[in-house]
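The values are calculated or read from the model by the stated rules, or taken from the named source; none is laboratory data. Computed from a predicted structure; not experimentally measured. Every residue, glycine among them, receives a Cβ derived from its backbone with ideal geometry; neighbour counts consider all protein chains shown.
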Amino acid sequence: MRLLITGATGLIGKALVKKCLEQSIAINYLTTNTSKLEETAFYKGFLWNPSENEIDIKCFEGCDAIINLAGASVSKRWTESYKKEILNSRIDTLRTLKQGLSKVKDHTIKHLVSASAIGFYPDSETEYYTEDYSKAGTSFLAKVTEQWEAAIDSIQSLGVQVSKIRIGIVLAKKGGALQKMVPPIKYFVGAPFGSGKQWQSWIHIDDLTDMFLFLIEKEIVGVFNGVAPNPVTNKRMVKAIGNQLKAPVFLPNIPRFVMKLVLGEMHTLVFMSQRVSSKKIESVGFHFKYINLPKALSNLL
(Lines give C-alpha, C1' and ligand atoms only; values in the text may rest on other atoms or scores of the structure.)
Protein backbone atom coordinates (compact mmCIF):
# COMPACT_ATOMS: atom_id res chain seq x y z
CA MET A 1 0.00 0.00 0.00
CA ARG A 2 1.12 3.54 -0.76
CA LEU A 3 -0.47 6.61 0.83
CA LEU A 4 -0.37 10.28 -0.11
CA ILE A 5 -0.11 12.41 3.05
CA THR A 6 -0.58 16.16 3.39
CA GLY A 7 0.67 17.80 6.57
CA ALA A 8 3.29 15.06 6.92
CA THR A 9 5.67 17.29 8.90
CA GLY A 10 3.13 18.37 11.54
CA LEU A 11 2.56 16.82 14.96
CA ILE A 12 0.17 14.11 13.77
CA GLY A 13 1.85 13.75 10.37
CA LYS A 14 5.28 12.95 11.79
CA ALA A 15 3.85 10.27 14.07
CA LEU A 16 1.79 8.81 11.25
CA VAL A 17 4.70 8.70 8.80
CA LYS A 18 6.86 6.96 11.41
CA LYS A 19 4.17 4.35 12.01
CA CYS A 20 3.62 3.77 8.28
CA LEU A 21 7.31 3.25 7.59
CA GLU A 22 7.57 0.82 10.50
CA GLN A 23 4.74 -1.17 8.87
CA SER A 24 6.32 -0.96 5.39
CA ILE A 25 3.54 1.29 4.12
CA ALA A 26 5.00 3.53 1.40
CA ILE A 27 4.45 7.27 1.61
CA ASN A 28 4.17 10.06 -0.92
CA TYR A 29 4.01 13.43 0.81
CA LEU A 30 3.38 17.00 -0.25
CA THR A 31 5.48 19.96 0.82
CA THR A 32 5.80 23.64 -0.09
CA ASN A 33 9.52 23.62 0.68
CA THR A 34 12.06 22.28 -1.82
CA SER A 35 14.55 21.67 1.02
CA LYS A 36 12.16 19.11 2.51
CA LEU A 37 12.02 16.95 -0.60
CA GLU A 38 13.33 13.43 -0.09
CA GLU A 39 13.13 10.29 -2.18
CA THR A 40 13.54 6.69 -1.11
CA ALA A 41 11.65 3.55 -2.07
CA PHE A 42 9.18 4.11 0.78
CA TYR A 43 9.22 7.89 1.25
CA LYS A 44 8.93 10.37 -1.60
CA GLY A 45 8.21 14.11 -1.57
CA PHE A 46 6.39 16.26 -4.10
CA LEU A 47 5.94 20.03 -4.32
CA TRP A 48 2.68 21.91 -4.07
CA ASN A 49 1.39 25.36 -3.22
CA PRO A 50 -2.27 25.21 -2.18
CA SER A 51 -2.61 28.99 -1.88
CA GLU A 52 -1.84 29.19 -5.61
CA ASN A 53 -3.65 25.96 -6.49
CA GLU A 54 -0.40 24.37 -7.69
CA ILE A 55 0.42 20.67 -7.28
CA ASP A 56 2.72 18.11 -8.89
CA ILE A 57 0.14 15.55 -10.01
CA LYS A 58 2.80 12.84 -10.03
CA CYS A 59 2.19 12.72 -6.27
CA PHE A 60 -0.92 10.59 -6.91
CA GLU A 61 0.91 7.87 -8.86
CA GLY A 62 0.62 4.44 -7.29
CA CYS A 63 -1.32 5.73 -4.28
CA ASP A 64 -4.32 3.89 -2.89
CA ALA A 65 -5.54 6.57 -0.48
CA ILE A 66 -4.96 10.11 0.76
CA ILE A 67 -4.62 11.19 4.38
CA ASN A 68 -5.22 14.92 4.68
CA LEU A 69 -3.72 16.60 7.76
CA ALA A 70 -2.88 20.00 6.28
CA GLY A 71 -4.02 23.27 7.82
CA ALA A 72 -2.64 26.28 9.68
CA SER A 73 -2.33 25.84 13.45
CA VAL A 74 -5.17 27.24 15.56
CA SER A 75 -2.73 27.74 18.47
CA LYS A 76 -1.63 31.17 17.34
CA ARG A 77 -3.22 34.53 18.12
CA TRP A 78 -6.37 34.98 16.05
CA THR A 79 -5.96 38.27 14.27
CA GLU A 80 -8.48 38.85 11.50
CA SER A 81 -5.84 38.04 8.89
CA TYR A 82 -4.78 34.86 10.69
CA LYS A 83 -8.38 33.71 11.03
CA LYS A 84 -8.59 33.90 7.23
CA GLU A 85 -5.41 31.84 7.00
CA ILE A 86 -6.84 29.17 9.32
CA LEU A 87 -9.87 28.79 7.05
CA ASN A 88 -8.18 29.25 3.68
CA SER A 89 -5.36 26.82 4.45
CA ARG A 90 -7.94 24.05 4.88
CA ILE A 91 -10.17 24.94 1.95
CA ASP A 92 -7.27 25.63 -0.44
CA THR A 93 -5.69 22.27 0.43
CA LEU A 94 -8.78 20.33 -0.55
CA ARG A 95 -9.49 22.42 -3.64
CA THR A 96 -5.93 21.83 -4.85
CA LEU A 97 -6.11 18.09 -4.17
CA LYS A 98 -9.43 17.88 -5.98
CA GLN A 99 -8.35 19.83 -9.04
CA GLY A 100 -5.04 17.97 -9.21
CA LEU A 101 -6.67 14.56 -8.95
CA SER A 102 -9.26 15.51 -11.57
CA LYS A 103 -6.40 15.83 -14.09
CA VAL A 104 -5.22 12.26 -13.49
CA LYS A 105 -6.77 9.81 -15.92
CA ASP A 106 -7.77 6.51 -14.28
CA HIS A 107 -6.41 7.50 -10.86
CA THR A 108 -5.98 4.75 -8.26
CA ILE A 109 -7.15 6.76 -5.23
CA LYS A 110 -10.00 4.89 -3.54
CA HIS A 111 -10.26 6.67 -0.22
CA LEU A 112 -9.65 10.06 1.41
CA VAL A 113 -9.40 10.17 5.19
CA SER A 114 -9.23 13.76 6.37
CA ALA A 115 -8.69 15.48 9.66
CA SER A 116 -11.55 17.57 10.97
CA ALA A 117 -12.18 18.85 14.51
CA ILE A 118 -14.56 18.45 17.44
CA GLY A 119 -14.70 22.24 17.29
CA PHE A 120 -17.69 21.49 15.02
CA TYR A 121 -19.83 20.87 18.10
CA PRO A 122 -21.44 23.64 20.18
CA ASP A 123 -20.06 24.67 23.56
CA SER A 124 -21.93 22.73 26.29
CA GLU A 125 -21.26 21.32 29.74
CA THR A 126 -24.26 18.96 29.53
CA GLU A 127 -24.47 17.58 25.96
CA TYR A 128 -22.80 14.30 24.99
CA TYR A 129 -22.03 14.64 21.29
CA THR A 130 -22.17 11.78 18.81
CA GLU A 131 -21.54 12.02 15.08
CA ASP A 132 -25.31 12.14 14.52
CA TYR A 133 -25.35 15.69 15.87
CA SER A 134 -25.52 17.63 12.63
CA LYS A 135 -25.90 21.30 13.60
CA ALA A 136 -22.56 23.08 13.87
CA GLY A 137 -21.92 25.45 16.74
CA THR A 138 -21.67 29.22 16.38
CA SER A 139 -18.00 29.65 17.31
CA PHE A 140 -15.31 30.62 14.83
CA LEU A 141 -13.89 27.08 14.89
CA ALA A 142 -17.33 25.58 14.34
CA LYS A 143 -17.84 27.73 11.25
CA VAL A 144 -14.37 26.78 9.96
CA THR A 145 -15.01 23.08 10.54
CA GLU A 146 -18.38 23.19 8.79
CA GLN A 147 -16.80 24.66 5.63
CA TRP A 148 -13.80 22.32 5.98
CA GLU A 149 -16.03 19.25 6.03
CA ALA A 150 -18.02 20.46 3.03
CA ALA A 151 -14.75 20.77 1.09
CA ILE A 152 -13.76 17.27 2.19
CA ASP A 153 -17.07 15.84 0.99
CA SER A 154 -16.64 17.48 -2.42
CA ILE A 155 -13.86 14.97 -3.23
CA GLN A 156 -16.54 12.28 -3.56
CA SER A 157 -17.40 13.65 -6.99
CA LEU A 158 -14.13 12.10 -8.25
CA GLY A 159 -15.24 8.59 -7.26
CA VAL A 160 -13.30 8.65 -3.99
CA GLN A 161 -14.75 7.37 -0.71
CA VAL A 162 -14.50 9.90 2.10
CA SER A 163 -13.99 9.64 5.85
CA LYS A 164 -13.60 12.46 8.36
CA ILE A 165 -12.02 12.25 11.81
CA ARG A 166 -13.13 15.00 14.18
CA ILE A 167 -10.04 15.28 16.31
CA GLY A 168 -10.06 16.28 19.97
CA ILE A 169 -7.14 17.42 22.13
CA VAL A 170 -4.13 15.42 20.94
CA LEU A 171 -1.77 14.31 23.71
CA ALA A 172 1.81 13.68 22.57
CA LYS A 173 5.36 13.58 23.93
CA LYS A 174 6.61 16.32 21.64
CA GLY A 175 4.43 19.30 20.83
CA GLY A 176 0.70 19.74 21.08
CA ALA A 177 -1.53 20.81 23.96
CA LEU A 178 0.02 18.59 26.63
CA GLN A 179 3.49 20.05 26.29
CA LYS A 180 2.03 23.54 26.73
CA MET A 181 0.19 22.50 29.88
CA VAL A 182 3.13 20.75 31.55
CA PRO A 183 5.58 23.60 32.35
CA PRO A 184 3.31 25.72 34.60
CA ILE A 185 2.05 22.63 36.43
CA LYS A 186 5.59 21.28 36.80
CA TYR A 187 6.68 24.52 38.44
CA PHE A 188 3.62 24.72 40.72
CA VAL A 189 1.90 27.59 38.92
CA GLY A 190 -0.65 25.56 36.97
CA ALA A 191 -4.38 25.94 37.57
CA PRO A 192 -7.71 25.10 35.93
CA PHE A 193 -9.29 27.66 33.60
CA GLY A 194 -12.50 29.41 34.60
CA SER A 195 -14.83 27.05 36.45
CA GLY A 196 -12.72 24.07 35.40
CA LYS A 197 -15.97 22.26 34.61
CA GLN A 198 -15.59 22.48 30.82
CA TRP A 199 -15.26 19.07 29.19
CA GLN A 200 -12.07 18.25 27.30
CA SER A 201 -12.21 15.34 24.89
CA TRP A 202 -8.68 14.07 24.39
CA ILE A 203 -6.86 11.31 22.49
CA HIS A 204 -3.38 9.79 22.68
CA ILE A 205 -1.50 10.40 19.44
CA ASP A 206 -0.79 6.68 19.04
CA ASP A 207 -4.51 5.89 19.05
CA LEU A 208 -5.21 8.72 16.62
CA THR A 209 -2.65 7.57 14.06
CA ASP A 210 -3.96 4.02 14.41
CA MET A 211 -7.45 5.35 13.70
CA PHE A 212 -6.44 6.90 10.37
CA LEU A 213 -4.84 3.66 9.22
CA PHE A 214 -7.74 1.56 10.55
CA LEU A 215 -10.30 3.41 8.42
CA ILE A 216 -8.14 2.99 5.32
CA GLU A 217 -7.29 -0.66 5.88
CA LYS A 218 -10.91 -1.59 6.66
CA GLU A 219 -12.28 0.71 3.91
CA ILE A 220 -14.70 2.34 6.33
CA VAL A 221 -16.38 5.61 5.33
CA GLY A 222 -18.21 8.27 7.30
CA VAL A 223 -17.53 10.78 10.05
CA PHE A 224 -15.90 9.61 13.28
CA ASN A 225 -14.94 11.35 16.48
CA GLY A 226 -11.19 11.12 17.09
CA VAL A 227 -11.41 11.08 20.89
CA ALA A 228 -10.72 8.56 23.65
CA PRO A 229 -13.67 6.91 25.44
CA ASN A 230 -13.33 8.93 28.65
CA PRO A 231 -13.35 12.73 28.34
CA VAL A 232 -12.50 14.70 31.48
CA THR A 233 -13.14 18.18 32.82
CA ASN A 234 -10.41 20.79 32.59
CA LYS A 235 -9.98 20.65 36.37
CA ARG A 236 -9.52 16.89 36.29
CA MET A 237 -7.05 17.07 33.42
CA VAL A 238 -4.89 19.66 35.19
CA LYS A 239 -4.92 17.63 38.41
CA ALA A 240 -4.14 14.39 36.54
CA ILE A 241 -1.09 16.02 34.94
CA GLY A 242 -0.07 17.30 38.38
CA ASN A 243 -0.42 13.82 39.86
CA GLN A 244 1.73 12.33 37.11
CA LEU A 245 4.40 15.01 37.63
CA LYS A 246 4.05 14.78 41.43
CA ALA A 247 3.31 18.52 41.41
CA PRO A 248 0.16 19.38 43.40
CA VAL A 249 -2.23 21.88 41.84
CA PHE A 250 -3.30 24.33 44.53
CA LEU A 251 -3.60 27.78 42.95
CA PRO A 252 -7.01 29.42 42.37
CA ASN A 253 -8.65 28.89 38.99
CA ILE A 254 -7.61 31.35 36.28
CA PRO A 255 -10.47 33.75 35.45
CA ARG A 256 -11.70 33.87 31.88
CA PHE A 257 -11.13 37.62 31.53
CA VAL A 258 -7.42 37.14 32.31
CA MET A 259 -6.97 34.62 29.51
CA LYS A 260 -8.97 36.83 27.15
CA LEU A 261 -6.55 39.68 27.84
CA VAL A 262 -3.57 37.38 27.21
CA LEU A 263 -4.83 35.39 24.22
CA GLY A 264 -7.61 37.46 22.69
CA GLU A 265 -10.31 35.48 20.87
CA MET A 266 -8.09 32.39 20.91
CA HIS A 267 -8.83 32.04 24.65
CA THR A 268 -12.01 30.19 23.64
CA LEU A 269 -9.83 27.15 22.90
CA VAL A 270 -9.32 26.50 26.63
CA PHE A 271 -12.84 27.43 27.73
CA MET A 272 -14.91 25.53 25.14
CA SER A 273 -16.68 22.51 26.60
CA GLN A 274 -17.30 19.52 24.32
CA ARG A 275 -17.99 16.08 25.75
CA VAL A 276 -17.68 13.86 22.71
CA SER A 277 -18.45 10.16 22.21
CA SER A 278 -16.07 7.55 20.80
CA LYS A 279 -18.73 4.84 20.56
CA LYS A 280 -19.12 4.94 16.77
CA ILE A 281 -15.47 4.16 15.97
CA GLU A 282 -15.51 1.42 18.62
CA SER A 283 -18.67 -0.05 17.10
CA VAL A 284 -16.85 -0.75 13.82
CA GLY A 285 -14.06 -2.64 15.57
CA PHE A 286 -11.48 -0.06 16.60
CA HIS A 287 -9.76 -0.72 19.93
CA PHE A 288 -8.11 2.04 21.95
CA LYS A 289 -4.78 1.45 23.68
CA TYR A 290 -5.30 4.44 25.96
CA ILE A 291 -8.84 4.50 27.33
CA ASN A 292 -8.18 6.51 30.48
CA LEU A 293 -6.24 9.73 30.97
CA PRO A 294 -3.87 8.48 33.73
CA LYS A 295 -2.64 5.64 31.48
CA ALA A 296 -2.06 8.05 28.59
CA LEU A 297 -0.18 10.51 30.82
CA SER A 298 1.92 7.71 32.30
CA ASN A 299 3.07 6.83 28.78
CA LEU A 300 3.76 10.42 27.71
CA LEU A 301 5.22 12.11 30.79
Next on the checklist: Pairs please, first residue from the stretch 35-55 and closer than 15 Å to ILE91 by Cα, second anywhere and outside any strand (DSSP E or B), Cβ atoms under 6 Å, 6+ apart in sequence or on different chains.
Outcome noted: ASN49/THR32; PRO50/ASP92; PRO50/THR93; PRO50/THR96; SER51/ASP92; ASN53/THR96; ILE55/THR96; ILE55/GLY100
Item to check | Which listed residue is modelled with pLDDT of 95 or more and closer than 16 Å to VAL182 by Cα, from LEU208, LEU301 | outcome: LEU301
Item to check | Among the candidates LEU208, LEU215, LEU141, residue that is in contact (Cβ under 8 Å) with a residue 12 or more places away in the chain, under 26 Å from TYR290 (Cβ atoms) and touching a Ser or Thr at 6+ places or on another chain (Cβ under 7 Å) | outcome: LEU215
Checklist outcome for this item: Residue hits (the stretch 144-167; of a type outside the set (S, T, N, Q), within 16 Å of the chain's Cα centre (by Cα) and over 20 Å from ILE216 (Cβ atoms)) are VAL144, GLU146
Checklist entry - In the stretch 160-180, is there at least one residue being among the polar types (S, T, N, Q), modelled with pLDDT of 95 or more and either surrounded by fewer than 19 Cβ atoms within 10 Å (Cβ to Cβ) or closer than 28 Å to LEU215 by Cα (or both)? => result yes
Checklist entry - Residues in the stretch 7-16: is at least one within 23 Å of GLY168 (Cβ to Cβ) and among the basic types (Lys, Arg)? => result yes
Item to check | Residues of the stretch 95-117 satisfying the condition of being surrounded by 22 or more Cβ atoms within 10 Å (Cβ to Cβ) and in contact with a Leu (Cβ under 9 Å, 6 or more places away or on another chain) | outcome: LEU97, LEU101, LEU112, VAL113, SER114, ALA115, ALA117
Checklist entry - Looking at the stretch 1-49, what strands (runs of 3 or more DSSP E) fall wholly within it and have at least 2 residues that are in contact with a strand residue (DSSP E or B) (Cβ under 9 Å, 6 or more places away or on another chain) and either under 21 Å from LEU215 (Cβ atoms) or at pLDDT below 95 (or both)? => result 2-6, 26-31
